[in-house]
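Have a look at the structure below before the remarks.
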Amino acid sequence: MGKLIDDFNSYREKMNEKILAADNKVMKRIYSVDTLTYQDGALSSKTKEMLGLATSMVLRCDDCVKYHLGKCYDLGVTTAEVFEIFSVANLVGGTIVIPHTRRAVEYWEELLNQ
C-alpha cells in the first residue's frame, strides 16, 4: 500500500482502539450504528458508500472522504463513478469543496496504484 493509505489506516485503527477501550456506551453505540448504516438494505452498501463519500466531501471531512474512498474502492466503484460523485459534491458543496477534491483524487490514485 501507499504511504497515504498506510498512514491513514494505521492512525484510524490505533485511535479507534483507544476510543473503544474507554468502554463508553454512547461511543460504542455510535460506532455500531455507523456499521449498521452501511450494510445492504433497500440501498446496496456500494450505493451507501457512494452517498457517504458525497456527503463527506460536502461536509469537508478529509478523514471521512479517505475512509469512504477506501470502501468504494473495495466495493468496485470505478474512477468514472468516483468523478461523478465528485461532481455532485462540488455542485452541492460549492467551490470550497475543490481542495478536498484534490486530496481525494490523490488518495484515489494511491488506491488504484496499490
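The values are calculated or read from the model by the stated rules, or taken from the named source; none is laboratory data. Because the structure is a prediction, the values reported are computed rather than measured. Cβ sites come from the backbone with ideal geometry, for glycine too, and all protein chains shown count toward neighbours.
Structure notes:
- Members of region 57-70 that are surrounded by fewer than 22 Cβ atoms within 10 Å (Cβ to Cβ) and part of a helix (DSSP H, G or I): VAL58, LEU59, ASP62, ASP63, CYS64, TYR67, GLY70
- All positions within region 16-50 that are closer than 18 Å to HIS68 by Cβ, small (Gly, Ala, Ser) and in a helix (DSSP H, G or I): SER45
- Residue count for region 91-101, restricted to those that are under 11 Å from ALA54 (Cβ atoms) and touching a residue at least 40 places away in the same chain (Cβ under 8 Å): 1
- Tallying residues that are among the β-branched types (Val, Ile, Thr) and out of contact with any Phe, Trp or Tyr (no Cβ under 8 Å at 6 or more places or on another chain) within region 53-86 yields 5.
- Of all residues in region 1-12, exactly one satisfies the criterion of being among the basic types (Lys, Arg) and either surrounded by 13 or more Cβ atoms within 10 Å (Cβ to Cβ) or not in a helix (DSSP H, G or I) (or both), namely ARG12.
- Residue in region 80-90 that is farther than 21 Å from LYS3 by Cβ, in contact with a Leu (Cβ under 6 Å, 6 or more places away or on another chain) and assigned to a helix (DSSP H, G or I) present: yes
- The set of residues in region 10-40 that are touching a helix residue (DSSP H, G or I) at 6+ places or on another chain (Cβ under 8 Å) and closer than 30 Å to GLN114 by Cα comprises ARG12, ASN16, ILE19, LEU20, TYR31, THR37, TYR38, GLN39.
- Against the criterion of being at pLDDT 95 or above, over 16 Å from ARG103 (Cβ atoms), exposed (fewer than 12 other Cβ atoms within 10 Å of the Cβ) and more than 15 Å from the chain's Cα centre (by Cα), MET15 qualifies.
- Filtered residue count, region 44-90, keeping only those that are more than 20 Å from LEU112 (Cβ to Cβ), basic (Lys, Arg) and touching a residue at least 12 places away in the same chain (Cβ under 8 Å): 1
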